[in-house]
Amino acid sequence: MSTYYYSNCTTLGVGCYLYSDSACTTPVSNGYYSNGTDCWQVTGGYGYISTETVCSSCLCYSIINETQDQITYYYTTCGGVYDAYVLNGGQTVYVCSEVYPGVDAGGTITTCSSATTCTGDVDCLFCS
C-alpha cells in the first residue's frame, strides 16, 4: 500500500516541506520518508526536510551472547568492512550490516533482525 505526501517543492530536497494533504496545510510528523531510492529526514515539527540521503539497504541486528564465555563475533559492516566484536558472557551488541551476521563456532548467540534500516552501528539501539 502506498502513502502519498505533498510538498511545496516540485523536486524534493533539503529546505522543502512535506504535507499529508494536497492543500499543503497539514505537515507530516518528524521521521524518515522515502520514494524507494532517496530518503529524506523531516525534523522540527513542521514537515521541514532537513537531510537527504541515498536509502540504505542495511538492517540492524541485535547479537546476544547466550553463554557465560567470551566469544568473538564477526560481521560485515554496512560499508563492506569485515569487523569483529568481542562479547563477554550475556553481553548484547547492536550492529548495522548489509548481510546476515555470522559468529564463531565457539559461542551460542541469538541474532535478531529488525526492519530498521541503518547506515552505521550507532543507528541500531534495539531489535524489535
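Here are the numbers for this structure:
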| item | result |
| --- | --- |
| Tally, over region 50-72, of residues that are part of a strand (DSSP E or B), at pLDDT below 80 and not β-branched (Val, Ile, Thr) | 5 |
| Set THR25, THR43: member being assigned by TED's automatic domain parsing to the domain that holds GLY15 and loosely packed, with under 12 Cβ neighbours inside 10 Å | THR25 |
| Unique residue being touching a Pro at 6+ places or on another chain (Cβ under 9 Å) and more than 22 Å from CYS124 (Cβ to Cβ) when the list is TYR48, TYR61, TYR4, TYR74 | TYR48 |
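The values are calculated or read from the model by the stated rules, or taken from the named source; none is laboratory data. Since we're looking at a predicted model, the values are computed, not measured. Neighbour counts run over all protein chains shown; Cβ positions are idealised from the backbone, glycine included.
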